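Laboratory data are not the source of any read-out in this text; all were calculated from the coordinates shown. From a predicted model like this one, the values you see are computed outputs, not experimental measurements. Note that each Cβ is placed from the backbone with ideal geometry, even for glycine, and that neighbours are counted across all protein chains shown.
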Amino acid sequence: MRWLTILLLGLWASIARAEYHDGKTEVDLELLLLVDVSRSMSPAEQEIQRRGYAEALASDDVIEAILGGLTGRIALSYVEWAGSYSIRTVVGWTLIGAGEDARAFADRIGSSQLASMQRTSISGALRFGMVTLRDNDFRGLRRVIDISGDGPNNEGGPVVPDRNRAVAEGIIINGLPLMTRDGQGSRWYLEDLDEYYRACVIGGPGAFVLPVLRWEEFAPAIKRKLILEIAGRQPERLWQAQATAPAGYDCLVGEKRWERMRRIYDLP
């Protein structure tokens, strides 16, 4: 058994060093939070989003999930997006390996100035996600894009090819469709946005959708979603329904709606 003890000690020493030959630091998870700030989101709704993410990341439950992994740490980045050229990194890639790291990250989210941007390019956000996951300084056992949004893709090219490219690179994409009806973009409201996310946006092993129907549900949904993603699990009982894409869904529904609206309202 002595040889087994030596082998295990060597393994844990390797994990403790957590550094690959290319200089990248090993973590349990690289998690990219892509948060919608398109113009259909009011400043109040943006503030609810920011506060929800900050409160969840600073919570004991999320911190416990982070520390409970194999290496006990994750890499995290928080990015706000709208159109394909309207993407802003609020907090860049950060190593989270202790409670104070998570709370400091949450404070940085809350202290950044809010900004509203035009259009909705899920495809552009996913392209950005692929690049930043590829080029960061971490090597995750899993790589996850967590994308929220209150409408379908309507700019920057169709979303499905970019979703497929991300999945081919080993990235899991989970969705948080915001299906509230009280925003300033009600004319763009898509009744089955959750179905759209299932069919056209999410992908990879165990990918899931967690819809938000009322803003008061947002903070608990974010906390639950983060814990599931950090632990590498799916929602209990509901995950199969949430992850199953409807057959024959039109993934260009957003582009077609924008074209109709453009003609009606003489939009650019």
Quiz item: Once both labels are modelled 7 Å past Cα along the beta-carbon direction, what's the residue 64-residue 249 spacing in nm?
Solution: 3.3
Practice problem: Provide the FRET efficiency to the nearest 0.05 for the residue 141-residue 215 pair, computing r from the beta carbons and using R0 = 35 Å. | Solution: 0.55
Quiz item: What list of ³J(HN,Hα) values in whole Hz, one per residue of segment 169-176 in order, does the Karplus curve 6.51 cos²θ - 1.76 cosθ + 1.60 (θ = phi - 60°) give from phi, with Gly and Pro shown as x?
Solution: 7, x, 8, 9, 10, 10, x, 10
Quiz item: What FRET efficiency do you get for residue 257 and residue 47 if R0 is 35 Å and r is their Cβ-Cβ distance, rounded to the nearest 0.05?
Solution: 0.80
Quiz prompt | Residues whose placed amide H lies under 5 Å from that of residue 26, excluding near-sequence neighbours | solution = 19, 20, 139
Quiz item: Which value results for Rg/Rh of segment 25-147 when Rg is the Cα radius of gyration and Rh the Kirkwood radius based on the inverse mean 1/r?
Solution: 0.97
Quiz item: Semi-axes, largest first, in whole Å: what does sqrt of 5 times each Cα gyration tensor eigenvalue give for segment 23-265?
Solution: 27, 19, 17
